[in-house]
Every structure is written in C-alpha cells, then in structure tokens.
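Reading through the structure tokens given below for one structure.
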Amino acid sequence: MDRTLKALSLMLSYPTRELQQAMPEIGGVLASDTRLTAAERRALRPLVEEFTTRDIYALEEQYVMLFDRSRTLSLNLFEHVHGESRDRGGAMVSLIETYRDAGFDPVTSELPDHLPVLLEFLATRPVAEAQEVLADAAHIFTALIGRLSRRDSTYAPVFGALVQLSGVKADPEAVAEMLDQPDDDPNDLEALDEVWEESEVIFGPDPNAGCPQVREMLSRMDTPTTPAPDAASQHAAE
C-alpha cells in the first residue's frame, strides 16, 4: 500500500477524534516520503499540527465551510469535470465498476468520486496506475491550491503534494479557466441553496461501465501536461 496516498486521503476526510489521535503517525508518513520535496513536507506540517492541537469542533466547522459549502472547493472530482450533466452519472457508474473489479469496497456514504475515497483506492494500486490518475486531475488539484491559498487555508499543501506525486505540471490554461470561476461565498445561504439545486444524477446502465482502467473512467480530466522537474532539480532550487 502507498502509505502517503492513504495519509493524504485521511487528511482530506471529515475530522474525527480518531483522526486527531492518528495524526502524529500520519505526519510521520508524510515527513519521510522523499517523493515530496523538503519544502512540500514542511508545508504540510501546519495542517498536521492543527489536527493535533485544535478543538475538534473548530476542525469540523472549518472542513464544512471549505468543502461542503463551497462548490468550487468540492472534493467530488466529477463536480469539476462534468458539473450536473448526465455524463456525470455514467462516469460514476464506470468508477464504481472499476472499484468492484479491483475488489475495492469502500465503507462510506460518500460518492465514488469523492477524493478521499479515490485516494484510498489508488493507495492499493500499482504506482504507475495511481500516478496516471493523479496526472489526469493535476489541473483540478492546482486550481484548488489557488482557491485555498486565497483563503490562507492550511489544506492547500495537501493538493500540492498530490501534484508532486502525479509527476506532471498542469496546463496553465486549464487551471486559469477554473480559477476564473467566481468562488462561492459559504455564508450566502440563499445563493448556496440555488447552486445546490442539482439535477438528478443518473446511475443507470452505461455502455462504457466496467472498463478495467481508472484512467478511462477519468478520461475527461485529461489536459495537456508537462513533466515536472526531477527531484534533483527541485532540491537544487530550494
């Protein structure tokens, strides 16, 4: 199992007391992974410390305000890819079939494209396969870094770590297009009600369901990417 992907999955999960208690171990996993630059490992420390020392109710409120009440920060990846189109239903079915084919049965009420669920799955897959899927979503992760950085959120480095693990740099035009969308105001409840009046997501039969590779399930995430600098050049730049 890729312990770093599992650790990042847990850091993006809803805060619990159990997660708080496990945070020293999670932080240790992240601090020891040399696939991440030293700067990135340092950037992850404040969130680890927050989880360890902050009141659980404050952590829960922060999480809800960021990820549950802001569509532009949604952790459901297909929200950023398909929006509310009917394509989203077919993509969901395909992803569920991919999980089942691999013998992965997440015990959660979250949708299959929920990022912590996907990362938990990728932690069990071969490195090359996991890296391909992360590369497909690199522009989404990079846009989320920008949006979270605007809010001075300590969650931003988690997505920075995912970009580094993907081994690519996202297409700047794709990122800019996402960042051009106005951020949701989590305190504007009336506007949020209008935004979340979602059309029905259909989970019926899909002719593309059951494809064996996750990359095919997430093919609409594909954007032109360029190789990330190798580790030696990254460390030299620090």
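Filter the range 56-83 for residues that are surrounded by fewer than 16 Cβ atoms within 10 Å (Cβ to Cβ) and either over 17 Å from the mean Cα position of the chain (by Cα) or at pLDDT below 85 (or both) and give the result. Within the range 56-83, 56, 57, 58, 60, 61, 83 meet the criteria. If you take the residues of the range 30-44 that are under 18 Å from the mean Cα position of the chain (by Cα) and in a helix (DSSP H, G or I), which of them is nearest to residue 106 (Cα to Cα)? Only one residue tops the list, namely 30. If the condition is being assigned to a helix (DSSP H, G or I) and under 16 Å from residue 114 (Cβ atoms), then the range 1-18 contributes 5, 6, 8, 9, 10, 11.
The values are calculated or read from the model by the stated rules, or taken from the named source; none is laboratory data. Note that the structure is a prediction, hence the values are computed from the model and not measured. So basically every Cβ, Gly included, is an ideal-geometry build from the backbone, and we count neighbours across all protein chains shown.
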